[in-house]
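Heads up: the structure comes next, in structure tokens.
The values are calculated or read from the model by the stated rules, or taken from the named source; none is laboratory data. None of the values given here were measured: they were computed from a predicted structure. Cβ sites come from the backbone with ideal geometry, for glycine too, and all protein chains shown count toward neighbours. Remember, those area values only see protein heavy atoms, side chains included, never the ligands or the DNA or RNA. Shrake-Rupley method; radii C 1.70, N 1.55, O 1.52, S 1.80 Å.
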Amino acid sequence: MFHRVVALRRVAGTRAYGENKKVFLRKLKQLKAIDSAELLPPSLFENRVVLVTNTASKCGFTPQLASMQKLHAQMKDRGLTVLAVPSNDFGGQEPGDEKEVEAFYRTEYKVEFPISQKVKVLGAEAHPFFAALEEHYTSEVAPTWNFDKFIIDHLGDLRAVYPNDVDPLEPEVVEMLANLLDALPQNKAAEVPSPSAV
């Protein structure tokens, strides 16, 4: 089931979709690493929960990169992939080339999580992941500004969208991620008590 948290995040705004789309991991696997011709490693997506955020260096929400790094540090070993997808689509706020973008993220915010190539997130030239959001749901799910957040579960389904004004460390986001991580096969197996412990 998918949840959309609307821009007025403290007001009721959850919309549920019953149909599981399971297409988003395939689309994410088409992203290349920043400043590279190589695709991002498949291990970033296999049996993992993915937090995808369309990012920009010159946005008022850019400090959320620090929150994304904290999530990465706290949850990567449980199966979370935090992925920044730089885009210049909103307000021209990611104008630099990919070398500049990567240097800024890594130097200013100590980012260790993966950064994809710079892509379009809107319109006819949108990357297939972002085009699929609108195709399989509606335009209300597509990015509305920099730092919208998309949570994809290990099966490839979109589970939640958080708008740009929701920090990745807010309890509602952390709880959603924790619940999805608990459901990962490798984490469920770790919870099963051994026969000798019973």
At the level of C-alpha centres, the distance separating the stretch 116-152 and the stretch 153-174, in angstrom, is 14 Å
In what sequence, highest mean first, do 46-59, 172-185 appear when ranked by Cβ atoms within 10 angstrom?
46-59, 172-185
Sulfur and carbon atoms: percent of accessible area, the stretch 73-194 [1.4 Å]:
51 percent
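Is the C-alpha gyration tensor of the stretch 15-185 telling us rounded, prolate or oblate? Criteria: a/c under 1.5 is rounded; beyond that, a/b larger than b/c is prolate, otherwise oblate.
Numbers: a/c = 1.36, a/b = 1.18, b/c = 1.16.
Verdict is rounded for the stretch 15-185.
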Given a 1.4 Å probe, how much area per residue of the stretch 15-185 is accessible, in Å²?
42 Å²
If you take the Cα atoms of the stretch 24-121, find Rg, then find the Kirkwood Rh from the mean of 1/r over all pairs, what is Rg/Rh?
0.94
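Give, in nm to one decimal, the length gained when the segment between A103 and D35 is fully stretched (0.36 nm per residue of separation minus the Cα-Cα distance).
On the way: separation 68, 0.36 × 68 = 24.48 nm, distance 1.07 nm.
So the extension gain works out to 23.4 nm.
Report, for the stretch 15-185, the % of DSSP beta bridges that are antiparallel, rounded to 5. Mind showing how you got there, number by number?
On the way: 10 of 18 bridges.
Counting DSSP beta bridges with both partners in the stretch 15-185, the antiparallel share is about 55 percent.
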Under 23 Å Cα to Cα from K29, which lysines show up? Leave out anything in the same chain fewer than 8 places away.
K21, K76, K99, K118, K120, K149
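Could you order peptides 134-146, 157-169 by the average number of other Cβ atoms within 10 Å of their residues, highest first?
157-169, 134-146
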